[in-house]
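The values are calculated or read from the model by the stated rules, or taken from the named source; none is laboratory data. This one's a predicted model, so the numbers in the text were calculated from it and none came from an experiment. Neighbour counts run over all protein chains shown; Cβ positions are idealised from the backbone, glycine included.
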Amino acid sequence: MKRAPRSMAGLLTVLLTGMGAVFALIGAAFVGLGVSVKGGSPWFFVTLGLVLLGAGGVCALVQSRQRREQKRLRTEGVPLPGRVLEVQRHPFITWNVDNVVTLPGQHSPWTLRCAYTLDGREYTVSSELLWQEPLADSPGLTVYADPARPRRAWVDPDTLRYRWNP
């Protein structure tokens, strides 16, 4: 999977399902070949793998729900001008986009904390994971908010300005 995830749920989906598949396959191989595991049963690997696959499945459902909500907000939400309050880098999350080993933080995402005003009240919202460095100075920033539930909002990443990195 070369495309980087856009949310923490997406990141956890990839991580947990990958680990779950590896543990389940190793456990199945140990059970099938009759390999003994020192200090335990080979069924432990299968069980752990299935638990991790289940957790990855839950994260996939959360990610799917988030995408549906973003799509709904984009079509039905009220577009509002937003203002960047904070740009945060997540150096302990790395997505390797190259075929070589990268340094920690080299391919790390950013998130934004943005403010928007609806019906005279100010609200804040965090963006999805952004894999290019956003600029705090983004004058055309658009936030789509649900008029019925103003705390539900989505930052449109296409309206952000990004630092150019060759």
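Things worth noting here:
- Any hit, segment 17-25, residues being of a type in the set (Val, Ile, Thr), surrounded by 17 or more Cβ atoms within 10 Å (Cβ to Cβ) and within 30 Å of Arg149 (Cα to Cα): no
- Leu48 being modelled with pLDDT of 90 or more, under 30 Å from Gln132 (Cβ atoms) and of a type in the set (A, V, I, L, M, F, W, C): no
- From the options Ala28, Ala9, residue that is farther than 17 Å from Val58 by Cα, among the small types (Gly, Ala, Ser), surrounded by 14 or more Cβ atoms within 10 Å (Cβ to Cβ) and out of contact with any Leu (no Cβ under 8 Å at 6 or more places or on another chain): Ala28
- Options Leu16, Leu11, Leu61; residue that is touching a residue at least 60 places away in the same chain (Cβ under 8 Å) and closer than 21 Å to Glu128 by Cβ: Leu11
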